[in-house]
Amino acid sequence: MQKLNELLANETIEEAAWKALEKSILYYKGRPVGTVAAFDVSVEALNYDQCFVRDFVSSALIFLIKGRTDIVRNFLEETLKLQPKDRQLDAYKPGRGLIPASFKVVTDNGEEYLEADFGEHAIARVTPVDSCLWWIILLRAYVVATKDFSLAYQPEFQKGIRLIMEICLANRFDMYPTLLVPDGACMIDRRLGIYGHPLELQVLFYAALRAAREMLICQGNQDVVEAIDNRLPLLCAHIRQHYWIDINRLNAIYRFKSEEYGKTAVNLFNIYVDSIPYYELDKWLPKKGGYMAGNVGPSQLDTRFFALGNLMAIISDLATEEQSQAIMTLIEDRWEDLVGDMPMKICYPALEHEEYRIVTGCDPKNIPWSYHNAGSWPVLMWMLAAASVKAGKPYLAGKALEIAQGRLLEDEWPEYYDGKKGRLIGKQARKYQTWTIAGFLLASELMKDASHLSLVTFDKLPSELVSRACEFEISSVDASVSL
């Protein structure tokens, strides 16, 4: 704790981080509307000069903590304007209700406008799923921080929430309460074998449902509210039961029969035991540790550890108290594997050899122990801090901060690190990556004041939000969407 106190008392790195964060702010018509992904002038900008929705969440939370609420409100208002409101029959047009992956400020003949990217310009033309979910989570955080209920209750915001819920809750080709999504639809935005029902998006889906349930007014939205109320317990039970892996669950799966049919089936997803790396897991899993699998679906149990999904499961209360403690026990016992020299691995272990070539398509950026393929991402530090504090193990967050503060400033705030221990600056990592900077600042603030957790946690459902929403009547809310 002495080292942690010295760290928190040392403002030098925090002052440098704030200076870098201020430099990243994006302005539109004289108003701050977000932050660029990176401010690395040594390389071509590509799309790193844009504001990414998922990236900005880290910056937005630290701005809310510091009372800089104007930039968050402006961001929410401007991105909502970019949301398509009409149904599209053109397969190459973004669907109704989507929130863009990113946007940039364009000047034409002296006039400024925002140009959105829904994936049509992205590498491999990836359409984001997580942007919609993060947008709702951030809107709720803004309301919690400012008590500005009126923003969420505005007709355009109510319609925006409703349209996102339409995408998530409408009829679909699926029998599970989870979201069926393509590969690359989240933070891992390149091919890495996470198509189907990846944990990251299921946890964000759960948090977004809870946030939407608090903010949707009952007037004109009863069908949506009922759909959310129906989905939430099913989703929660599904994830807690079918995604969970510990030594007891591993033993049960090890003895599964396959090709079972009917209501009495135990192996519901027809998992073939030979597809599970039992002997590696048997050596790696602590007796009291556990985690949520990366993906579950037809004959699929992805036993890789994905950090964002597991940490957000703790933060959002999707994981039970026992599961939360087991996840933190796993991180503590396998610290060298999951954290090493830079918090922390986006997933573990890496895909290697022939599996890497087949699953990633020989992606040169996702070589083993790099980038999405088990690279180390400092932005995850704030989620590690939040989960550690929430689970009653703040010393883990302190340990992670001590590691990071010794390198990030000197290394010029890289996007990610390479290698099994995270000792190498990422081969193609941008420097002055904004969410790396914001992740460090946010982790520091969460350690100083645990009350900031209320921005992203659901420990106590804010009944005030729900009751006031039901009393608040807005006759002009669009109630035409049928779920």
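Which residues in the range 238-269 place their backbone N less than 19 Å from a point set 7 Å from the Cα of E322 along the Cα-to-Cβ direction?
Correct set: 238-254.
Can you give the FRET efficiency for R255 and C362, using 1/(1 + (r/R0)^6), R0 = 35 Å, r = Cβ-Cβ distance, to the nearest 0.05?
0.45
Let me know the volume per residue of the alpha-carbon convex hull for the range 57-97, in Å³.
66
Among 248-254, 227-233, how do they line up by average Cβ neighbours within 10 Å per residue, starting with the highest?
Per-residue Cβ counts within 10 Å, averaged per peptide and sorted highest first, yield 227-233, 248-254.
May I ask you to compute the full-extension gain from H238 to I123, defined as 0.36 nm times their residue separation minus their alpha-carbon distance, rounded to one decimal in nm?
Extending this stretch completely gives an extra 38.1 nm.
Using the eigenvalues of the Cα gyration tensor, what equivalent ellipsoid semi-axes result for the chain when each is taken as the square root of five times the eigenvalue, whole Å, largest first?
Listed largest to smallest, the semi-axes of the chain are 31, 29, 23 Å.
What whole-number value in Å² describes the accessible area per residue of the range 366-436 for a 1.4 Å probe?
Spelled out: the 1.4 Å probe surface of the range 366-436, per residue, equals 31 Å².
The range 149-268: D in µm²/s via Stokes-Einstein (Kirkwood Rh, Cα pairs, 10 °C, 1.306 mPa s)?
Reported coefficient: 96 µm²/s.
Dividing the convex hull volume of the alpha carbon atoms of the range 189-251 by its residue count, what do you get in Å³ per residue?
Spread over its residues, the Cα hull of the range 189-251 gives 114 Å³ apiece.
For E112 and F173, calculate 0.36 nm times their separation in residues minus their Cα-Cα distance, and state this gained length in nm to one decimal.
Between E112 and F173, full extension yields 17.9 nm more.
Please report Rg (one decimal) and Dmax (integer) in Å for the Cα set of the range 227-330.
14.0, 43
Give the cross-link partners of K288 among the lysines, using a straight C-alpha distance below 16 Å as the criterion and excluding same-chain residues fewer than 8 apart.
Straight-distance partners of K288: K393.
Given the rule -39500 (n - 2.57) for each run of at least 4 DSSP H residues, summed and divided by the residues of the chain, what is its mean residue ellipticity at 222 nm, to the nearest 500 deg cm²/dmol?
Only helices count here, giving -14000 deg cm²/dmol.
Just name one of L26, P349, I99: the one whose Cα is farthest towards the positive end of the charge dipole of the chain (beta-carbon charges, Lys/Arg +1, Asp/Glu -1).
Working it through, the farthest residue towards the positive pole turns out to be P349.
Under a point-charge model restricted to the Cβ atoms of Lys and Arg (+1) and Asp and Glu (-1), what is the dipole moment magnitude of the range 15-121 relative to its Cα centre, in debye to the nearest 20?
500
At a 1.4 Å probe, what is the % contribution of carbon and sulfur to the accessible area of the range 303-360?
47
Where the centroid of each part is defined by its Cα atoms, how far is the range 385-459 from the range 359-384 in Å?
Each part's Cα centre sits 16 Å from the other's.
Arranged from highest to lowest average of other beta-carbon atoms within 10 Å per residue, in what order do the peptides 107-120, 150-163 appear?
150-163, 107-120
Taking the Cα atoms of the range 257-302, report the difference between the largest and smallest coordinate on each principal axis, in whole Å and largest first.
Largest first, the range 257-302 extends 35, 18, 17 Å along its Cα principal axes.
When 1/r is averaged over all different Cα pairs and the result inverted, which Kirkwood radius in Å belongs to the range 398-447?
Value: 11.1 Å, from the Cα pair sum.
Can you pull out the trypsin sites (Lys or Arg not before Pro) in the range 258-367 that DSSP calls coil and that have at most 11 other Cβ atoms within 10 Å?
Here the sparse-neighbourhood loop sites are K263, K287.
I'd like the projected area of the range 160-203, averaged over all directions, using the convex hull of its alpha carbons. Report it in nm² with one decimal.
Hull-based average projected area comes out at 3.5 nm².
Past 29 Å, Cα to Cα: identify those pairs from K23/K93; K257/K420; K23/K159; K399/K431; K399/K427; K66/K390, in the order given.
In this structure, K23/K93; K257/K420; K23/K159 lie more than 29 Å apart at Cα.
About its Cα centre, what dipole magnitude does the range 51-191 give when the only charges are +1 on Lys and Arg Cβ and -1 on Asp and Glu Cβ, stated in debye to the nearest 20?
480
Under the 0.36 nm per residue contour assumption, what length would be gained going from the current alpha-carbon distance of Y278 and E226 to full extension?
Here the segment from Y278 to E226 would lengthen by 14.6 nm.
Counting heavy atoms of the protein chains only and a 1.4 Å probe, report the per residue accessible area for the range 166-290 as a whole number of Å².
50
When averaged across all projection directions, what area in nm² does the alpha-carbon convex hull of the range 58-156 cover?
7.8
The values are calculated or read from the model by the stated rules, or taken from the named source; none is laboratory data. Just so it is clear, the model here is predicted, and its values are computed rather than measured. Every residue, glycine among them, receives a Cβ derived from its backbone with ideal geometry; neighbour counts consider all protein chains shown. Heads up: the accessible areas ignore ligands, DNA and RNA and are worked out on the full protein's heavy atoms, side chains in. Shrake-Rupley method; radii C 1.70, N 1.55, O 1.52, S 1.80 Å.
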